[in-house]
Every structure is written in C-alpha cells, then in structure tokens.
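What follows is a short report on a single structure.
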Amino acid sequence: MAREPSSVGVARRALAAQLSSWGLHEVADTSRLLASELITNSLRHAHGPVRVNLRVRGALLRCEVEDASPAGPVPGTPGPDAESGRGMELVDALAQDWGSDRTSTGKTTWFELVIPDPDPNPDLGPHPDPGRARASARTRARHLQCASTHPCRTA
C-alpha cells in the first residue's frame, strides 16, 4: 500500500469487502478497527512497504501487517488527555491473541479474532467440537474463494 495517511482508509475498505465476501460480518467492525491501528503504526513508525494479509484458520481470523522495521510495537502509557498512544491497548483488549514476529525483511504484527458461529446446526450429529467442524468447512470454502479472486497468502 502507498505510504500515505489515506492508505489506512483504503485498507479498511478492502478488508471490509473481503470479510463481507467471506460472510464474516460478525468480526468486520473489530477487524477494521484493529487493522487500522496496526497499519497506522506501520505508516508512522516504520519505513518501506506495508502489506496486509488476512487468513482464516478454523474458527480464527488472523490479520497480519508487514513492514520493513524490525522493531516490534511498544504499548504506550498515554496520559488521560493524550490524543494518541492507545492503539496497542485496543488490540490487547479486543483481540483473542496478538503478537509481532521478526522476518527477514522487517516484522509482521498480527492479531486474531474468534469467528462466532452465526448459525448453529444441531442436525450435524455428535462431534466433540461441532463449531470447529463447521468452521473447517467454511474455512475451506473461503480459501478457495479467496484464491480465485486475488493472490492472498494462506498457509
């Protein structure tokens, strides 16, 4: 994405469109908020290109923001009147999990959100974790759809 403030809005809209196409309306608002925080941090504090990746594994949505800085995010301790510095606190409060991993070109900062099962189906029969079984089927469909529409990375 371009290294300019308007890229955050462009990324939010692209993320919302992808999540909508995958039927993940339940996590769209939180995903957009948290991705905005990570992208803004990359644009403010890192150099080089910024890239956003989305993945679905089982019942988890993972959003990754790659940049060229090896320095990981530092949660701030802003004063009560500070206008910024709370982004990583939001990520920590709203994400199931988050972290930052060094890469050969910089780092990837990521968060994961649990995908709620919007349509429990009791007719699927007994299974130790029926939600996970349904999520796996949805995940395969999303990966196929994603691969057919654009070159996202899935593992």
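Observations on the model:
- Flag for residue 77 being polar (S, T, N, Q), part of a loop (DSSP other than H, G, I, E, B) and open to solvent by 20 Å² or more (accessible area, probe 1.4 Å): yes
- Residues located in the range 16-31, provided they are crowded, with 20+ Cβ neighbours inside 10 Å and closer than 19 Å to residue 1 by Cβ: 18, 19, 31
- Looking only at residues in the range 41-67 that are of a type in the set (S, T, N, Q) and more than 12 Å from residue 3 (Cβ to Cβ), the one that is surrounded by the fewest Cβ atoms within 10 Å (Cβ to Cβ) is 53.
- Some residue of the range 49-71 being in contact with a helix residue (DSSP H, G or I) (Cβ under 7 Å, 6 or more places away or on another chain), modelled with pLDDT of 90 or more, over 27 Å from residue 26 (Cα atoms) and not basic (Lys, Arg): yes
- Just one of the listed residues (68, 14) is in contact with a strand residue (DSSP E or B) (Cβ under 6 Å, 6 or more places away or on another chain) and among the aliphatic types (A, V, I, L, M), and it is 68.
- Some residue of the range 73-91 being basic (Lys, Arg) and under 15 Å from the mean Cα position of the chain (by Cα): no
The values are calculated or read from the model by the stated rules, or taken from the named source; none is laboratory data. Because the structure is predicted, anything quoted here is derived from the model rather than measured. As a convention, Cβ positions derive from the backbone with ideal geometry for all residues, glycine included, and neighbour counts pool all protein chains shown. Just so you know, the surface numbers come from the protein's heavy atoms only, side chains and all, with ligands and any DNA or RNA stripped out. Shrake-Rupley method; radii C 1.70, N 1.55, O 1.52, S 1.80 Å.
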